[in-house]
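Read the structure below first, then the notes.
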Amino acid sequence: MKKAFVPKLAFEGIRKNRRMYLPYLLTWILMAAMFYIICYLAQPSVLEAIGRGGSTQVLLQFGTYVVALFAVIFLFYTNSFLLRRRKKEFGLYNILGMDKRGISRVYLWETQLIAVVSLILGLLAGIALSKLAELALSKLISGIATFTFTISWRAVLYTAVLFAGIFVLISASGLVQVRRLSPMQLLRSESYGEKAPKANWVLGLLGVAVLVLAYYFSVTIKNPVSALALFFVAVLLVIAATYLIFIAGSVLLCKILQKRKRYYYKKEHFVSVSSMAYRMKRNGAGLASICILLTMVLVMIASTTCLYFGAEDSLRTQYPNDFIVEAIDNDTGVTVLPENVEVYRAALTKLLTDEGVEAKNNSDYYYFGVAGLLHGTTLQAETSFVDTDTYDALTNVYILPVQDYERMSNKQVTVAPGQALVWGKQTQKLPKELTIGPVHFDLIPTEEAAIISSGSMIQGFANLYLVVDDYDTVTQTIQAYYMEKTGEILEQKWRFAFDTDLSSEEQLALYDKLSQTFIDALAQQNADGFGYRCEALEAQREDFYGTYGGFFFLGILLSMVFLIAAVLIIYYKQISEGYEDQSRFDIMQRVGMTKKDIRKSINSQMLTVFFLPIGMAVLHLVFAFPMLRKLLLLFGLLNTKLLILTTGVSVLICAVFYAIVYRITSNAYYSIVSGAKE
Amino acid sequence: MSLLEVKGLKKIYKTRFGGHAVEALKNVNFSVDEGEYVAIMGESGSGKTTLLNILAALDKPTAGTVLLDGKDFSKLKEASVAAFRRDNLGFVFQDFSLLDTFTLEDNIYLPLVLSGNSYEKMHKRLEPIAEQLGIDRLLKKYPYEVSGGEKQRAAVARALITNPRIILADEPTGALDSKATDELLRLFSRINEAGQTILMVTHSAKAASHASRVLFIKDGEVFHQIYRADSSCEKMYQKIVDTLSLLTGGGAE
Ligand SMILES: Nc1ncnc2c1ncn2[C@@H]1O[C@H](COP(=O)(O)OP(=O)(O)OP(=O)(O)O)[C@@H](O)[C@H]1O
Ligand SMILES: [Mg+2]
């Protein structure tokens, strides 16, 4: 065989099969571009230029792994699909006298050509689009927009290595397959396995059972920690169930319908039911993959947009005031001495006056926090609390002196010894009494003091606020009890929180001065055991958006990758069905079906088969909703309405996109089917 | 009046890019009487399949008419043509044309289901036919699970089950070995004796020798025809072979 002959054959092979190869090539290019972009963005230098790092960097790093893994799986999958079609041609070469070595060389040339071309084009596209992606990212995470254009040679290298690896993997598997088959098998491989499906009761029912189980997990989920634990289990169950249902379950359903003679032997059902069974068997796996990809996209978009647009909300829940100052006394470890507090308060007041800042919604109080498991009316001392079983019982109890409560709520109250006023946050029902070790209270429900800042607590836990008269005695008794039980030192704290009318920059400036003021005050007091914590919402915002914006960006990027995959699977499905239906179209016409009948039947089948995955994906999403809601609680997001909204919108967008893809690909289908008629 | 009457049939295929047109049929005239068994022979490319497609209303003639029972169905709308085809014509093709998605039984029912028959009725009709064709034990199998001859018998059953006025067969023995061919030809003779009209296109002189009449097509016209009258199959075969050698200047097959 002449040397130049091989590349020519390979090139011809691609050209002749361009209906199959073009989308494949496009996928390679897009995957390479995506991978380059995410590699580029995940670099510390790029993120530093934007003015971010930390959490965003970790997220994007994670994203590179996901995209890489997905690229490997997906390109491998599509290649096997292509190979199935190409084998026929290879079989012909073999019969016409080309040996397997020759065929392997042609095949290698083909894959090589595709890999090299797509890597070059992909990198070019990636480099061209990387700046755009960078600007988008920087916008989302409220970073700094820079306008210098850079090429990251490291990202280029990573991309090249990854795609060279994929190339090796794909060609190796292809070569093994070409070598293993006999010419007759090669010729027949495309029509191989075109048997009508048999119903598999075990698998079909198993699929339904597994799905019900996964849904049950999600719907009955109680708390965020178990949601986190069960989420991945549920995801795996749903994936397994989807494949089982699409491959076996749907065939089973068709077979059951076929058993009902009265239903089956009707003009409207006869052809559709039997060809559906046939289609589902051949395309079940593809449909299930589409369904799972769509579900992933929906879940990702719904939750990350919710996180992003709810960022302000969660920021507010975690930081109810613009500024929060908290002091503890490391020397005594137990009490905050009023004279120390006085120093802080004075320094704070002076600063605010000097700066001319009017503090609003002030709250100024001592409090004492104790966490434990609430069983009935007893708070059990327990500190290792992040545990699925104990989560629901976990309660934070905050104890406040009555003087502070009166001052902040502007009313006079009387609290007898052994009594406590109480209000709750995120609690189901207020207990009537409460025992913490040796201390016992009768609880009297009262109004919440609106200005009390709940502080940066962990969301999702029950919080009880108790107002007591003999604050020092109570807290000291509980401290002693906890010390004995758990060896843990519980601290009393003093908290000062306020809002301002300042702009974001001014708040940040004030925040810096605030910290400095305390450092000065501390030096002056010479009480190095006295500690403070000073937080400003504005300072946190940066970090919040760094994380949530990063999530959002990653969500969009991965969704794009998954959608491309879904589109390609749909396209190949339509094409292969088109080729398959060509001959059936003819036969049905010969036995007396009108063209209109055939078209109608095919249309309804295609529509069903096409919208089954998205229908199923939406069903998955609906059942995943309770779990998502719980998971988002972990991020401090309590806004269910927003989640419903983002879920609804993402379903809508996906559906529209899907419908467009349907139109385009079904045109390809019809052109194949009718092309055969001429 | 004859069952089928073909008058002045002409078919010109126009190639798509306005290239030269192909005249597949020039001027075909013949008629088939009720209960006849007619074979059509001719060289490859002489227009046999084209003729059959027009008879089946799968294609429209450029000129000329086809009358079945005195009705010209080329004038019907597509929906009525499909129904007409279903009720009056039965088809047997070289490639069997069975759908892989159906069992043999369902394949046979297909035309009846399309005209809206109930399962019980179809089943009652199928029983004697299946027995006659010797496929009663294969009904639950799929096409890829049975042999070519068995497939063709199922296709014949599908053609017969509608009680068609005429069966059109395009090289029905083309994909069969000699044993299966013999079986099928015997079958055709038997159903013809029972009164079924058959029109069969074939390349094989042996297959044609079973017919009561053989038409030869050349250059888009009926060139010659021979009647069997009372002669035996062997005599008929000889006549056909002689005509063919005259037609092509060479031997048959
Ligand atoms: N769709 C078409 N478009 C253009 N030309 C056609 C078309 N179908 C058939 N022809 C031409 O019409 C002529 C007759 O074709 P037809 O298929 O009827 O021959 P045939 O007698 O059945 O041949 P064979 O014995 O090989 O099956 C041929 O020259 C063929 O090339
Ligand atoms: Mg022909």
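The values are calculated or read from the model by the stated rules, or taken from the named source; none is laboratory data. What you see is a predicted model; the values in this text were computed from it and never measured. Neighbour counts are summed over all protein chains in view; Cβ atoms, including those assigned to glycine, are modelled from backbone coordinates with ideal geometry. In case anyone asks, the SASA skips ligands and DNA or RNA and just uses the protein heavy atoms, side chains included. Shrake-Rupley method; radii C 1.70, N 1.55, O 1.52, S 1.80 Å.
Cut-off under 29 Å on the C-alpha distance; same-chain residues fewer than 8 positions from A:Lys432 excluded. Which lysines are left, in chain and number order?
The qualifying lysines are A:Lys222, A:Lys411, A:Lys485, A:Lys493, A:Lys630.
For peptide A:271-283, how many partner chain Cβ atoms fall within 10 Å of a residue's Cβ, on average?
Rounded to a whole number, the mean comes out at 2.
Please give the total accessible area that chains A and B bury against each other, computed with a 1.4 Å probe and expressed in Å² to the nearest 100.
On the way: alone 31860 and 12410 Å², together 41720 Å².
Summing both sides, the interface buries roughly 2600 Å².
What length, rounded to one decimal in nm, is gained on full extension from A:Leu607 through to A:Arg84, with 0.36 nm per residue of separation minus their alpha-carbon distance?
Here the answer is 185.7 nm.
Suppose each label sits 7 Å from its Cα in the direction of the beta carbon; what would the A:Thr150-A:Arg599 distance come out to in nanometres?
That separation, rounded to one decimal, is 5.8 nm.
Round to a whole angstrom and tell me the spacing of the C-alpha centers of the stretch A:88-113 and the stretch B:23-46.
46
For chain B, with only Lys/Arg (+1) and Asp/Glu (-1) charged at the beta-carbon, what is the dipole magnitude about the Cα centre, in debye rounded to 20? The partial results should precede the final answer.
Details: 32 positive and 33 negative charges, 121 e Å.
With only Lys, Arg, Asp and Glu charged at Cβ, the dipole is about 580 debye.
Which three semi-axes in whole Å describe the equivalent ellipsoid of the protein assembly as shown, each the square root of 5 times a Cα gyration tensor eigenvalue, listed largest first?
After diagonalising the Cα gyration tensor, the semi-axes are 82, 32, 22 Å.
Give, in nm to one decimal, the length gained when the segment between A:Ser515 and A:Lys641 is fully stretched (0.36 nm per residue of separation minus the Cα-Cα distance).
On the way: separation 126, 0.36 × 126 = 45.36 nm, distance 3.75 nm.
Contour length minus the Cα-Cα distance gives 41.6 nm.
Taking the Cα centroid of the stretch A:628-661 and of the stretch B:117-153, what is the distance between the two, rounded to the nearest whole Å?
Rounded to whole Å, the Cα centres lie 54 Å apart.
Which one of A:Tyr367, A:Leu490, A:Gly549 is farthest out on the positive end of the charge dipole of chain A, using unit charges on Cβ (Lys, Arg +1; Asp, Glu -1) and the Cα centre as origin?
After comparing all options, I get A:Gly549.
Heavy atoms only, probe 1.4 Å: what % of the accessible area of the stretch B:100-253 goes to carbon and sulfur, would you let me know?
Solvent-exposed carbon and sulfur of the stretch B:100-253 make up 48 percent of the total.
I'd like to know which of A:Gln318, A:Val474, A:Ile120 lies farthest towards the positive end of the charge dipole of chain A, counting +1 on Cβ of Lys and Arg and -1 on Cβ of Asp and Glu.
Result: A:Ile120.
Run through the stretch A:318-374 and list the GluC sites (Glu not before Pro) located in a DSSP loop whose Cβ has at most 15 other Cβ atoms within 10 Å.
A:Glu358
By its C-alpha gyration tensor, with a ≥ b ≥ c as the square roots of the eigenvalues, how is the stretch A:238-373 shaped: rounded for a/c under 1.5, else prolate for a/b larger than b/c, else oblate?
Taking the square roots of the gyration eigenvalues as a ≥ b ≥ c, the stretch A:238-373 is prolate.
In debye, nearest 20, what is the charge dipole magnitude of the protein assembly as shown about its Cα centre with +1 on Lys and Arg Cβ and -1 on Asp and Glu Cβ, if you could check? Don't skip to the answer; put the middle values down first.
Numbers: 94 positive and 87 negative charges, 1421 e Å.
Once rounded to the nearest 20, the dipole reads 6820 debye.
How large is the dipole of the stretch A:489-624 about the Cα centre if only Lys and Arg carry +1 and Asp and Glu carry -1, each at its Cβ, rounded to the nearest 20 debye? Walk me through the numbers before you get to the answer.
On the way: 12 positive and 17 negative charges, 291 e Å.
Approximately 1400 debye in magnitude.
Report, by chain and number, residues whose modeled amide H sits under 5 Å from the one on A:Thr378, excluding near sequence neighbours (fewer than 5 apart, same chain).
Amide H neighbours of A:Thr378: A:Thr435.
Give a residue-ordered list of calculated ³J(HN,Hα) values for the stretch B:58-69 (Karplus: 6.51 cos²θ - 1.76 cosθ + 1.60, θ = phi - 60°; whole Hz; x for Gly, Pro).
After applying 6.51 cos²θ - 1.76 cosθ + 1.60, I find 7, 9, 9, x, 6, 8, x, 10, 10, 10, 10, 6 Hz.
Considering the zone a paramagnetic label at B:Asp182 would reach in this model (a point 7 Å from Cα along the Cα-to-Cβ line), which residues of the stretch B:210-233 have amide N under 20 Å from it?
What the label zone holds, given the 20 Å backbone N cut-off, is B:210-211, B:232-233.
For a quick check: with amide H placed at 1.01 Å from N, whose amide H comes under 5 Å from B:Phe223's, ignoring anything fewer than 5 positions away on the same chain?
B:Phe216, B:Ile217, B:Lys218
Under DSSP H, which helices of chain A have Cα atoms covering 15 Å or more of the helix axis and a Kyte-Doolittle average no less than 0.5?
A:18-41, A:55-95, A:100-140, A:153-180, A:201-219, A:224-244, A:267-309, A:595-633, A:640-675
Rounded to whole Å, give me the distance from the Cα center of the stretch B:159-233 to that of the stretch A:241-281.
39
Could you run the Karplus curve 6.51 cos²θ - 1.76 cosθ + 1.60 with θ = phi - 60° over the stretch B:20-29 and give me ³J(HN,Hα) per residue in whole Hz, x for Gly and Pro?
5, 8, 10, 9, 6, 10, 9, 7, 9, 10
Show the residues, 5+ positions off or on another chain, whose built amide H is closer than 5 Å to the amide H of A:Gln419.
Here the answer is A:Asp442, since their amide H atoms fall under 5 Å of that of A:Gln419.
As a quick test, which of the pairs B:Lys124/B:Lys151; B:Lys7/B:Lys60; A:Lys87/A:Lys596 have an alpha carbon distance above 24 angstrom in this structure?
Violating the 24 Å limit, Cα to Cα: A:Lys87/A:Lys596.
Taking every residue in B:99-109, how many Cβ atoms of other protein chains lie within 10 Å of its Cβ, on average? Mind dumping the intermediate values first?
Numbers: counts 10, 11, 12, 6, 3, 0, 0, 6, 2, 0, 2.
Across the residues of B:99-109, the mean count of other-chain Cβ atoms within 10 Å is 5.
Across peptide A:305-316, how many C-beta atoms of other chains are within 10 Å of each residue C-beta, on average?
0
I need the phi-derived Karplus couplings for the stretch B:122-138: 6.51 cos²θ - 1.76 cosθ + 1.60, θ = phi - 60°, integer Hz, Gly and Pro marked x.
5, 5, 5, 5, 5, 3, x, 5, 4, 5, 4, 8, x, 10, 4, 8, 9
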